[in-house]
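The values are calculated or read from the model by the stated rules, or taken from the named source; none is laboratory data. Only a predicted model underlies this, so the values are computations on that prediction, with no experimental measurement involved. Cβ: placed from backbone, ideal geometry, glycine included. Neighbour counts: every protein chain shown. SASA here: full protein model, heavy atoms, side chains in, ligands and nucleic acids out. Shrake-Rupley method; radii C 1.70, N 1.55, O 1.52, S 1.80 Å.
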Amino acid sequence: MSKTFAFVGNQNRNALPGEGKGISVFHFNDQTGDLTLASEYLPIDNPGYLAIDEKRRRLYAAVEIPAWNENLAVAFDIDPATGTLSYINMQPTLGNTTCHLGFDQTGTLIFASNYTVAELGARPGNAVAAFAIRSDGGLDPAFATAAHEGKNAILPTERRQHGHCAVVSPDNRYVFVCDLGLDRIMAYKQPAKGESLALAATPFTQLPDGAGPRHMIFHPNGKIAYVINELNSTVSVLLYNSATAALTISQTLPTLPDGFTGTNTCAEIAVSADGRFLYGSNRGHNSIVSYAIAETGAISLMGWTSSQGLGPRNFTIDPSGRFMLVANQKGGGIAIFKRDIETGTLEDSGKRIALQSPMRIVFGTFE
């Protein structure tokens with residue numbers, strides 16, 4: 001019988017003694033939505049982002065510590081029976097405040113995105129780094145990097161870089177890096193191990209000034225992508241040209257209701273497995289915004305659901321599609337919502353997991 005686990009990265013570096021949990025592992029019941037603590041991996045600092053390779057039973061964590069000039073990517077084995085994590089190795093990410101990890105389509109490369117909030121010009125200062133994954137799941141040292149500013153930049157600019165995610169196209173031809181500081185989605189040719197990160201024919205997609213593209217995701221059809229813009233609280237629909245790496249903005253909608261006047265920043269974005277619904281998170285309005293996706297990829301607003309906490313940094317739909325787990329970083333722990341597969345609507349189950357600062361949730365199902 002298969003087992004499904006939810007792995008939760010927690011902000012723990014500045015937590016009170018005993019309150020910081022590192023990585024929490026829960027057994028997940030896809031019939032009831034219940035989470036039962038299975039194990040914890042405590043000796044890790046601020047594992048703010050997690051990426052999972054279910055097939056190879058491995059988990060990767062980004063250590064996100066702004067006070068360090070370099071952060072780390074950490075590799076673990078997963079025990080499929082218990083969900084317990086076993087440390088393999090770690091590598092420097094050659095940049096600061098590592099906030100995202102993304103695989104290529106073969107699962108043999110992983111890309112780390114660095115927010116790089118260290119002093120301007122401080123080394124190493126790379127917005128993205130590429131790693132080859134060893135046969136045992138460990139990480140080789142980074143074989144390619146790119147900076148988006150200054151004399152070492154692959155495409156120099158006077159504006160300040162803030163890499164926030166790296167997404168490999170479904171055809172495995174390009175690496176798209178959302179740079180919140182430049183208001184650009186950079187496009188690189190997908191490198192083989194040992195190659196450099198070279199700009200694609202269309203080197204970047206420019207978003208409006210102050211948009212702050214944060215996270216990007218492709219539709220299951222591989223032809224359309226969506227980006228959530230952290231700073232101006234919008235979602236943009238992007239048409240993907242596989243020949244040139246061009247991303248053409250076809251539509252932009254707000255993530256907030258009319259009349260909201262408070263401070264808000266967006267965080268996560270997700271598409272349902274059937275490609276019919278899109279979701280985004282609002283930190284400030286403290287909600288999940290829902291959209292319906294037309295056959296063309298265009299989106300229409302459905303409404304908002306309270307995140308039942310403060311600062312929903314991340315949310316994840318479970319493998320069955322019947323639940324959504326929301327990680328409220330600033331208070332409220334993990335809130336568990338029922339999700340109607342046919343309508344895409346969310347309903348609060350009333351169930352909570354009391355974690356101090358959950359940052360990221362990923363699911364893994366193992367035989």
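How much area per residue is accessible in the chain when the probe is 1.4 Å and only protein heavy atoms are counted (Å²)?
Spelled out: the 1.4 Å probe surface of the chain, per residue, equals 39 Å².
Restricting to DSSP loop positions (anything but H, G, I, E, B) with no more than 14 other Cβ atoms inside 10 Å of their own Cβ, which GluC sites (Glu not before Pro) remain in segment 133-227?
Answer in residue order: E158, E195.
Once you list every other residue whose beta carbon is under 11 Å from the beta carbon of L109, what net charge do they have if Lys and Arg are +1 and Asp and Glu are -1?
Once all neighbours under 11 Å are counted, the net charge is -2.
What number, in percent, do you get for the relative contact order of the chain if the mean sequence gap of Cα pairs under 8 Å and at least 6 apart is divided by its residue count? Numbers along the way, then the final one.
Details: 1109 pairs, mean separation 44.8, N = 367.
That works out to 12 percent.
Identify, among G212, M302, G262, the residue whose Cα sits farthest towards the positive end of the charge dipole of the chain, taking +1 on the Cβ of Lys and Arg and -1 on the Cβ of Asp and Glu, with the dipole about the Cα centre.
It is G212, whose Cα lies furthest towards the positive end.
To the nearest 0.05, how large is the calculated FRET efficiency for K330 and R57 if R₀ is 30 Å and r is the Cβ-Cβ distance?
With a Förster radius of 30 Å, E is 0.40.
Using a 1.4 Å probe and counting only protein heavy atoms, arrange V177, V167 so the residue with the most accessible area comes first.
I get V167, V177, largest accessible area first.
Please report, as a whole percent, how much of the solvent-accessible surface of segment 72-111 comes from carbon and sulfur atoms (probe radius 1.4 Å).
On segment 72-111, the fraction of accessible area on carbon and sulfur atoms equals 60 percent.
Using mean Cβ contacts within 10 Å as the protection proxy, how do 263-271, 289-297 order, highest first?
263-271, 289-297
Working with all protein chains in place, sort Y87, Y41, Y188 by solvent-accessible area computed with a 1.4 Å probe, largest first. Write out the running numbers ahead of the final one.
Numbers: Y87 110, Y41 40, Y188 0 Å².
If we order Y87, Y41, Y188 from most to least accessible, we get Y87, Y41, Y188.
Under a point-charge model restricted to the Cβ atoms of Lys and Arg (+1) and Asp and Glu (-1), what is the dipole moment magnitude of segment 260-367 relative to its Cα centre, in debye to the nearest 20?
460
Which is farthest toward the positive dipole end of segment 229-366 among Q329, G280, G344, measuring Cα position about the Cα centre, with Cβ charges +1 (Lys, Arg) and -1 (Asp, Glu)?
Ranked along the dipole, the leading option is Q329.
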